[in-house]
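Bear in mind these aren't lab numbers, they're just calculated from the coordinates by the rules spelled out. Just so it is clear, the structure is predicted and the values come from calculations on it, not from any experiment. As a convention, Cβ positions derive from the backbone with ideal geometry for all residues, glycine included, and neighbour counts pool all protein chains shown.
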Amino acid sequence: MTEATPAKLTRNAVFLVLVASLGYFVDIYDLLVFSIVRVPSLTALGLSEADITTKGQLIINVQMAGLLLGGILWGIIGDKMGRIKVLFGSILLYSIANFANAYVGNVTSYAIIRFIAGIGLAGELGAGITLVSETLSKENRGYGTMIVAVIGLFGAAAAYAVAKHGWQSAYMVGGGLGILLLLLRVGTFESGMFRNVQESKVSKGNFLMLFNNWGRFKKYVYCILIGAPLWYVVGILVTLSPEFGKALGATETLKAGEGVLYTYIGIAIGDIFAGLLAQVTKSRRLTMLVFLVLSLVSAFTYLGAKGITHDKFVWVCFFMGCTVGYWATFVTIAAEQFGTNIRSTVTTTVPNFVRGSLIPINTIFNLLKPHYGMITTGYIMMIALTIISLFSLSQLKETFGKDLNYIEDEAGLI
């Protein structure tokens with residue numbers, strides 16, 4: 001492909017950010033639709049209240065397992081074959097899965113299809129962030145990834161609005177949005193950095209490179225661990241809000257779908273402030289530090305809300321969302337830590353491993369709950385995850401403004 005003129009490149013870059021943003025919008029819609037329709041969909045399948053909790057956790061764990069597997073597969077494909085192929089392939093897979101989800105008749109088929117959807121969902125964010133990070137200038141890529149996150153996160157609001165018309169309609173609309181996005185992506189272009197690496201003989205998409213060098217492995221693990229509190233807030237504190245509401249003596253049953261909606265509105269707003277703070281301070285590490293501390297405060301506010309009312313629940317979810325609104329910053333940090341030849345692998349696997357961390361988090365939470373109860377266990381888990389994240393953050397180098405046009409070999413950097 002010939003080099004574009006600066007004006008054309010700018011137009012292409014803007015279009016790419018828009019398409020990546022809409023892709024993440026559909027990604028979030030489909031990722032959260034089960035959390036929103038968990039109760040009505042499982043009730044329609046004839047499950048009891050107790051089974052809705054246990055089987056619901058099973059299904060979301062299976063979906064997260066799909067994300068873990070898909071993160072590895074799409075990440076490798078992105079580094080070997082290109083970021084664009086991931087954007088097309090992943091969205092086609094989860095669109096088909098969502099159409100199928102509208103016609104499930106039992107828990108087993110529900111779980112299997114959510115696993116397939118999880119594999120598809122795994123490729124969207126990482127490929128989009130990688131493309132934006134490699135296309136925009138090092139001074140402006142933070143703005144680009146911020147826009148992707150902010151627009152994308154409103155997919156939660158769309159999922160909640162559509163779900164009011166029935167859980168089957170929510171899945172059908174999700175599949176339809178994916179197909180429309182496929183048509184829009186016809187005009188997208190490949191990353192110039194990837195094209196340069198593609199022409200070289202350097203190892204590309206080698207997942208094992210993240211494990212054959214101790215320093216690189218530690219950096220990779222730290223990138224994953226700094227994001228764990230965010231998914232705990234969404235996957236446990238908000239998704240299980242009906243159960244937490246009972247433990248808190250809520251005046252009425254708390255609705256998980258509504259909690260997810262306001263949490264993600266908060267995350268979108270938080271992402272704006274996180275992105276701006278990082279640009280002003282020129283430090284993503286400082287931004288993460290501020291938000292991790294605030295997220296601990298917000299979780300404590302939620303867990304200490306005895307006799308919580310509907311209105312207070314909505315505001316607390318919004319507050320928690322704002323304080324964990326560091327998703328774009330966290331993923332950008334991961335993208336900036338590694339070379340072009342494994343950047344897609346890292347940027348795709350890291351957020352999905354964070355999402356997949358919900359599996360061990362769920363397991364530990366359920367092991368502690370019989371001994372300490374819902375509320376105390378909620379405190380224990382949030383404190384532990386925040387401490388782990390703060391330590392991991394302290395081990396990562398600042399990458400704001402870092403030149404990303406470099407590659408890595410088996411031993412380190414070239």
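Points worth noting:
- Cross-link pairs K55/K312; K218/K306; K138/K218; K138/K219; K80/K369 - those with Cα-Cα distance over 32 Å: K218/K306; K80/K369
- Ranking of W231, W74 by count of other Cβ atoms within 10 Å, fewest first: W231, W74
- Shown here for the range 335-414: trypsin sites (Lys or Arg not before Pro) in loop regions (DSSP other than H, G, I, E, B) with at most 10 other Cβ atoms within 10 Å, namely K397.
- Helix-derived mean residue ellipticity, 222 nm - over the chain, DSSP H n ≥ 4, -39500 (n - 2.57), to 500: -25500 deg cm²/dmol
- Range in the chain, longest, excluding exposed GluC sites (Glu not before Pro) [loop by DSSP; at most 14 other beta-carbon atoms within 10 Å]: 253-397
- Projecting label points 7 angstrom from Cα along Cα→Cβ for L180 and T253 puts them 3.2 nm apart.
- Per-pair calculated FRET efficiency, R0 = 60 Å: R11 and Q395 via Cβ, rounded to 0.05: 0.90
- Residues H371, H310 arranged by fewest to most Cβ contacts within 10 Å: H371, H310
- Label assignment, Cα Rg over 2.2 N^0.38 Å derived from the structure, set [x] 0.93; [y] 1.07; [z] 1.27: [x]
- 17 Å cut-off, amide nitrogen to a point 7 angstrom out along D403 Cα→Cβ, residues in the range 126-169: 134-141
- Axis angle, to the nearest 10 degrees, between helix 49-81 and the longest C-alpha principal axis of the chain: 0 degrees.
- When you restrict to C-alpha pairs under 8 Å that are six or more residues apart and normalise by the size of the range 238-317, the relative contact order lands at 45 percent.
- Theoretical FRET efficiency, 1/(1+(r/R0)^6), r = Cβ-Cβ of S169 and K80, R0 35 Å, to 0.05: 0.40
- The lysines whose alpha-carbon is closer than 17 Å to the alpha-carbon of K164, local same-chain residues fewer than 8 away aside, are K255.
- With a Förster radius of 35 Å applied to the beta-carbon distance between L45 and Y379, the computed FRET efficiency rounds to 0.55.
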